[in-house]
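One structure is given below, encoded as structure tokens.
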Amino acid sequence: MKASAKVRQLEPVNGLKNLPHDFEAEKFFLGSIFVDNGVLDREVLTPEDFHLEIHRQIYKSMLELWCDGAGIDPVTLANWMEKSAVDLGGGRRIYIAELSEIVPTACNANCYARILREKPPLRRAKLLAASLDKAVNEGNPEKTCKSSKRSVSWQNLSRKMTDSSPLMSGCASLPLRLLRSLSLVISRPNPVSSG
């Protein structure tokens, strides 16, 4: 089995399956950085924009290297990651080398970055919906809303829930019952009390 196949078997960051992601865009963006380290200056992302944990670790290490003034290639990156106590077992060192060869040019890095920036809000929306669905099934959505201390503003979220918004298009596969439950909780004047 190729090392890249082993890495693909890694679990995403959170436990829910089928969260919005684009592993190809993640890989191609990271590959673009190997081709042109200056991509890090032109395209601003965070590790949270990546769905796969190894991609988060690779990107975070690339940022640290770049901020330290070092060039980024498979050797310097793997060395930096090992010094930072990131596990490079299971073929991950080979995977890093493969990432460096995945794209011939960095000219599409901005496209990959745009794709990656679209995914985290959709993942958060699905996680919130799953949390609310669980609370509704348990008979207490307010309890989940209070205990979760979400950074999402309910009023802001409700304004974004139009049919044409990326948030709603990302929720198209959610059951209608769940979307109705979510809209009921959001439409309440103040579902999360401060006291």
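The values are calculated or read from the model by the stated rules, or taken from the named source; none is laboratory data. Since the structure is predicted, the reported quantities are computational estimates derived from the model, not experimental observations. Please note: Cβ atoms are built from the backbone with ideal geometry, for glycine as well, and neighbour counts cover all protein chains shown.
State all residues of region 93-103 that are touching a helix residue (DSSP H, G or I) at 6+ places or on another chain (Cβ under 6 Å) and not aromatic (Phe, Trp, Tyr); if no residue qualifies, say none.
Scanning region 93-103 gives 93, 94, 96, 97, 98, 99, 100, 102, 103.
Within region 79-105, track down each residue that is in a loop (DSSP other than H, G, I, E, B) and touching a Lys or Arg at 6+ places or on another chain (Cβ under 9 Å).
The answer is 84, 86, 90, 91, 102, 103.
With respect to residue 76, determine if the residue is in a helix (DSSP H, G or I) and over 22 Å from the mean Cα position of the chain (by Cα).
Taking the combined requirement at face value, the residue satisfies it.
Looking for whichever is assigned by TED's automatic domain parsing to the domain that holds residue 25, over 22 Å from the mean Cα position of the chain (by Cα) and of a type outside the set (A, V, I, L, M, F, W, C) here; the options are 90, 139. Which one fits?
Being assigned by TED's automatic domain parsing to the domain that holds residue 25, over 22 Å from the mean Cα position of the chain (by Cα) and of a type outside the set (A, V, I, L, M, F, W, C) holds for just one of 90, 139, which is 90.
For residue 133, all conditions in the list (1) part of a helix (DSSP H, G or I); (2) free of Cβ contacts under 8 Å to residues at least 40 places away in the same chain; (3) acidic (Asp, Glu) hold save one; what is the number of the exception?
(2)
For region 20-61: of the residues being in a helix (DSSP H, G or I) and of a type in the set (S, T, N, Q), which is surrounded by the most Cβ atoms within 10 Å (Cβ to Cβ)?
In this case the residue turns out to be 32.
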